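Below is one structure, written out as structure tokens, with a few remarks after it.
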Amino acid sequence: MRLFVHKLTHWEYWPAWLIYFPVAFTWLYWIIRWRRPTFFLGVNPGIKNSGFCNVSKMEIHQQLPYSVYPETVFVNCDEYAAMPESEAAALGFPLIAKPDFGVRSMGVKLIYNMDELQAYHRRASFNYLIQEYIDLPCEAGVFFVRMPGEREGVITGITGKTFFAVVGDGVSTIEQLMRQTPRGALQWKWLRREKLSDYGRIPKLNETVRLMPFGNHCRGTLFTDESHRINEQLTATINRICHCIGEFYYGRLDIRFNTWNELAAGLNFRVVEVNGALSEPTHCYDPKHSYGFAVREFIRHHRYMCRISNELYRRGASVDRLDFRMFLRELGSHRKALARIRTVNS
């Protein structure tokens, strides 16, 4: 009951359909006004479906300079009867295995050895990536928007990510420390199944034990609004990255980095994910922000999406490549693929 009340009174834990319910009316307004029900498919012409669904992460990675993304190997589940061990060994362990497309870190796992990777491969009925694990201390989501015809884009929000961890008191076990907070208690069932740590161990006083290796809100990561860190130097760095992606106008870059100053200077970082039309301005999930603030941010960013798409359409760009019926078939295929991805988390 305590956890239920906590989830009820903290909107960041509400289901996505409820969070986005007010936003749906603005989408309906734009669809009626512009008479283009799939306007969101035209915001990033250089990416399949603008990054809304069925987009290959590997195809996007290959557009980036080699130096800014982790070393990655694409595994086609139809071509490889067994895991390509030589490629995996070249990356070294631990490494990240994740679907070639997906949402909210579904199917993403930190792999420590070849046996775990083989087990992942046996259960994967989808194409996936094995990727060098970037063990830099910080992670952030940087939302980027650029209007057609403008050389430089802007950063509209930055999300800081504090990985889920517990701090030892010298007496309590890791499990007991987790259960002391609602954020930890909500993750206990999943973490117990994943066995990411020895939960019976008693950490030393003030010892920090990180229980999640990547920054996913659904897995206990605390999102904070770091938009005050936007400056000219960081904006220039993000523009240089985004210009490498063909006709990319709207989306979020998830970046691992060493320090904020080095990230702004374009040093010691890796882009671990590029998200397109389905991107969320995740800085609004900061617990200090109200639900009303979040709705306003969602609408603000979706307004950017609509303006970009319609400006590209006005300029004669090849946008909205799918008619509505084709889009529904594409979306149905995407949902079936997500159902297959869920098997690796079951």
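The values are calculated or read from the model by the stated rules, or taken from the named source; none is laboratory data. Everything numeric in this text was worked out from a predicted model, so none of it was measured. Here the Cβ positions follow ideal geometry from the backbone for every residue, glycine too, while neighbour counts run over all protein chains shown. Remember, those area values only see protein heavy atoms, side chains included, never the ligands or the DNA or RNA. Shrake-Rupley method; radii C 1.70, N 1.55, O 1.52, S 1.80 Å.
Extension gain, residue 339-residue 190: 0.36 nm per intervening residue step, less the Cα-Cα distance, totals 51.8 nm. Sequentially through the stretch 134-145, phi angles give Karplus couplings (6.51, -1.76, 1.60; θ = phi - 60°) of 8, 8, 8, x, 10, 9, 8, x, 10, 8, 10, 9 Hz, Gly and Pro residues having no value and appearing as x. Between residue 205 and residue 90, the contour length at 0.36 nm per residue exceeds the alpha carbon distance by 37.6 nm. Taking a point 7 angstrom from the Cα of residue 180 along the C-beta vector, which residues in the stretch 202-221 have backbone N less than 19 Å away? Inside the label zone: 202-212, 220-221. If the chain linking residue 63 and residue 150 were pulled fully straight, counting 0.36 nm for each residue of separation and taking away their Cα-Cα distance, it would gain 29.3 nm. Computed over protein heavy atoms with a 1.4 angstrom probe, the accessible surface ordering of 159, 235, largest first, is 235, 159. Net charge dipole, the chain: roughly 1360 debye, given to the nearest 20, about the Cα centre with Cβ charges of +1 for Lys and Arg and -1 for Asp and Glu. Among the GluC sites (Glu not before Pro) in the stretch 1-110, those placed in a DSSP loop whose Cβ has at most 11 other Cβ atoms within 10 Å are 79. The listed residues 144, 101 rank as 101, 144 when sorted by accessible area, largest first, using a 1.4 Å probe. In percent, what relative contact order does the stretch 1-154 have, based on Cα pairs under 8 Å that are 6 or more apart in sequence? Normalised by residue count, the contact order of the stretch 1-154 is 19 percent. For 86, 309, the ranking by accessible surface with the largest value first comes to 86, 309, using a 1.4 Å probe. Placing R0 at 25 angstrom, the Cβ-Cβ distance between residue 290 and residue 3 gives a FRET efficiency of 0.70 after rounding to 0.05.
When the Cα positions of 101, 272, 243 are compared along the charge dipole of the chain, 101 comes out farthest toward the positive end, with charges on each C-beta of Lys, Arg, Asp and Glu. Among the lysines of the chain, pairs that are 8 or more positions apart or on different chains and have alpha carbons within less than 26 Å of each other number 29.
Distance between the 7 Å Cα→Cβ label points at residue 315 and residue 169: 5.8 nm.
Before rounding to the nearest 500, sum -39500 (n - 2.57) across all DSSP H runs of length at least 4 in the chain and divide by the residue total; then give [θ] at 222 nm in deg cm²/dmol. Please list the in-between numbers first.
Numbers: 13 runs with 123 residues, N = 346.
The helix-only estimate for the chain comes to -10000 deg cm²/dmol at 222 nm.
Taken along the Cα-to-beta-carbon direction at a fixed 7 Å, the label points for residue 18 and residue 71 span 4.6 nm. For residue 273, the residues whose amide H sits under 5 Å from its own are 254, ignoring neighbours fewer than 5 places away on the same chain, with H placed 1.01 Å from N. Counting only alpha carbon atoms, the long axis of helix 232-242 and the longest principal axis of the chain meet at about 80°. Accessible area of residue 326 (1.4 Å probe, protein heavy atoms only, ligands and nucleic acids ignored): about 80 Å². Normalised per residue, the accessible area of the chain is 48 Å², obtained with a 1.4 Å probe and no contribution from ligands, DNA or RNA.
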